[in-house]
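Each remark here refers to the structure printed beneath this line.
What follows draws every value from the coordinates through simple rules; no lab data is involved. This one's a predicted model, so the numbers in the text were calculated from it and none came from an experiment. Quick reminder, even Gly has a Cβ in these numbers, built from the backbone with ideal geometry, and neighbours come from all protein chains shown.
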Ligand SMILES: [Zn+2]
């Protein structure tokens, strides 16, 4: 399958929204983590200033990564809602595209994960541990199927709501 046309880790800046890197994120570690630190839940390792899927020594410090903390607290950073008549007749295909996109992102970036996919009254709601993943999912779906994409960043919080409909 070659449905993911977005180079990993690079998301086109949407025409109407800037990037929001300076936002306060309660799930970013306040203090400096010692390196290496390993997440006891998922095994991601903090090294050279970022979480990575690498091996580390057994005596590394242990602390939950931001993605596992969000999952534990059930605090998504991204909400993606998909709906519409076209969506209803293609929902399995679209779900596969989204899962493929998310797996690819997670393989490169340990903190980018889907938390849950739920069906709610004819719509699909996807929650993510990372705002960029939510945007990326919306952009991947629009890239493949056109439709209407709307991205609302909640000002002052590390939270994004993405709506796609067709
Ligand atoms: Zn983790």
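Odds and ends about this structure:
- Computed extension length for residue 75-residue 142: 21.6 nm, one decimal, from 0.36 nm per residue of separation with the Cα-Cα distance subtracted.
- Each of 149, 111 was scored by other Cβ atoms within 10 Å of its Cβ. Listed from fewest to most, they are 149, 111.
- Debye log10 I(q)/I(0) for segment 56-102, one point scatterer per Cα, at q = 0.18, 0.20, 0.24 Å⁻¹: -0.76, -0.83, -0.93
- Taking 7 Å steps out from each Cα toward its Cβ at residue 155 and residue 90 produces label points 3.5 nm apart.
- 10 Å binning of all Cα-Cα separations within segment 74-165, expressed as whole percents from 0 upward: 18, 55, 25, 2
- Ordered by the number of other Cβ atoms lying within 10 Å of each residue's own Cβ, fewest first, 70, 95, 106, 50 fall into the sequence 50, 95, 106, 70.
- Taking label positions 7 Å along the Cα-Cβ direction at both residue 33 and residue 53, the computed distance is 1.6 nm, reported to one decimal.
- Counted over segment 74-165, the DSSP beta bridges are approximately 75% antiparallel.
- Ranked by how many other Cβ atoms sit within 10 Å of their own Cβ, fewest first, the residues 86, 79 fall in the order 86, 79.
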